[in-house]
Amino acid sequence: MSDIDPRLRDRFAAYRAETVCQLTGPGPDQARRTLRRRRRTKAVAVAVTAIALAVAPIVANAALRDDGSVPVPAQTGEPTTPPTSAPAPTPSTPLTPSTTTTTSPAAPDGRISRAQLLAARVDLPAWPSYASNCATSDVRLRPSGRETSVSTLADLDLSYTDLDGDGATETVALVTCRLGEASAKQLVAFDRDGHGRIVTMARVVGTKEGFDDITDAAVTGDGRVRAEVADIQPCCSTPSYWAQKQWRTYRWTGDGFTQSDGPRSFGKDPRLTDLVLTGGNLVLGPAGTDGKRPGTLTLTVTNRGPVDVAHLGFAEIERIGAMNNADSSICVPWRGGDESATTCRSAGLRSGERRAYTFHVLVDPTALNQPSVRVVHFDDQDRHWQDLTFKDNYVKVRVVS
């Protein structure tokens, strides 16, 4: 304002100074002071609000726990920058006690095929004393054959069941060892160990434990073994029907097998009777032109029972001499070649009965060599049988002139 009169400029300055001093409203400095005060107030309010927001969940959590304590938020030197985005908190699920129980490892599967058993090496239970030459240690079983003193796997089907109650299957096999015409036999239980190797569990039953033969075997669903045993083992010229057979049952006891059911002995065979042969005097007549002499042989047979005999047979009479045709009414020629050596067969004899038989023979005295005669029991199926007392079934022939 250089164009204004200096005197007027001074008058305006004096007026402004006087007027400003009398104003009650705030000037620029006051306005700045008010603004700074309001900013501080706002900052405090924001800080208080932030603290309240931070403390509120903690107080609420403490109230839920009902422990009366309010944790103080931790102080840090510098504020941390919250993540740009955070997943919403999920309520925690209370843990429940585990119901899982610890179980023992599964028992190995002891189901063994015939091929697997023949391919393995096994230790066998001891053989009876009469089969001491049969191996028992590190044995390689062989298929059935004619070899003697060799442990073989019989042709009988293998059986499978859980013998010891461990939840796994075991195998039962018939093992034999041939000795001449007969064999020692034993039913053996096999299993596998933890490495899958075939191992011998135990002998179930063997011959010479009250019997001479094992003819069949089976198992039950509850782990028992059934064995069909026989009192004799037919061989050579012994008929197979002579054997008495029984089914006996065995079970595992924890360290071996024991009989749990079935008969324990055979006793006398109920199919047999006791025949007694007496006499035996051979009375010779005068010699003929050929030197042969007619002879008469009288024998008496008693059936002491308890079984009726369908037919009586006489064995070895032909060693004394040729029979006369006149005897055909009491002695029918019998087929040759059967194991009884019977050469003539007569009518039967009931239990308790006795009968005398007279035979006419033509004898060559120079050919007589300690002759004897034996009586034989035949049933109605033409099968011959043993006798309860064999020693009284034959007589030595005595020559009487």
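The values are calculated or read from the model by the stated rules, or taken from the named source; none is laboratory data. These numbers come from a predicted model, not from an experiment. We place every Cβ from the backbone using ideal geometry, glycine too, and count neighbours over all the protein chains shown. In case anyone asks, the SASA skips ligands and DNA or RNA and just uses the protein heavy atoms, side chains included. Shrake-Rupley method; radii C 1.70, N 1.55, O 1.52, S 1.80 Å.
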Quick one: which residues, 5+ away or cross-chain, put their amide H under 5 Å from the amide H of Val307? H built at 1.01 Å from N.
Asp274
Work out, step by step, the length gained on full extension between Asp269 and Ala119: first 0.36 nm times the residue separation, then minus their alpha carbon distance; give nm to one decimal.
49.8 nm
Residue separation times 0.36 nm, minus the C-alpha to C-alpha distance between Gln386 and Asp308: what's the value?
26.7 nm
Please compute the net charge surrounding Arg224, taking Lys and Arg as +1 and Asp and Glu as -1 over other residues with Cβ under 13 Å from its Cβ.
-2
Residues meeting the amide H criterion for Leu282 (H placed from the backbone, H to H distance under 5 Å, 5 or more places apart or on another chain) are Arg398, Val399, Val400
Set the Förster radius R0 to 45 Å, insert the Cβ-Cβ distance between Tyr130 and Ala322 as r into 1/(1 + (r/R0)^6), and round the FRET efficiency to 0.05.
0.50
Just check the range 124-243 against the gyration tensor rule for me: Cα atoms, a ≥ b ≥ c as the square roots of the eigenvalues, rounded for a/c under 1.5, and otherwise prolate or oblate depending on whether a/b exceeds b/c.
oblate
Please give the FRET efficiency for Ser401 paired with Asp255, using the beta carbon to beta carbon distance and R0 = 60 Å, rounded to the nearest 0.05.
0.25
In Å², rounded to a whole number, the accessible area per residue of the range 355-401 with probe 1.4 Å is 58 Å²
Just tell me which lysines come within less than 19 Å, Cα to Cα, of Lys391; anything on the same chain fewer than 8 places away is out.
Lys268
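Arrange the residues Thr366, Thr215, Thr161 by how much accessible surface each exposes, largest first, with a 1.4 angstrom probe.
So the residues, ranked largest to smallest area, are Thr366, Thr215, Thr161.
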In Å², rounded to a whole number, the accessible area per residue of the range 103-253 with probe 1.4 Å is 47 Å²
Going by amide H atoms built from the backbone, whose H comes under 5 Å of the H on Ser260, apart from near neighbours?
Thr249, Tyr250, Arg251
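Tell me, in nm to one decimal, what length is gained between Val199 and Asn281 on full extension, where the rule is 0.36 nm per residue of separation less the Cα-Cα distance?
22.9 nm
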Please state the shape class of the range 103-175: rounded when a/c is under 1.5, otherwise prolate if a/b exceeds b/c and oblate if not, all from the C-alpha gyration tensor.
prolate
Label model pair Ser137, Ile330: point-to-point distance (7 angstrom along the Cα→beta-carbon line) in nm is 6.7 nm
Any lysines whose Cα falls less than 16 Å from that of Lys185, other than same-chain ones fewer than 8 residues away, would be Lys208, Lys245
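Could you work out what % of the accessible surface of the range 188-239 is carbon and sulfur, using a 1.4 angstrom probe and leaving DNA, RNA and ligands out of the count?
43 percent
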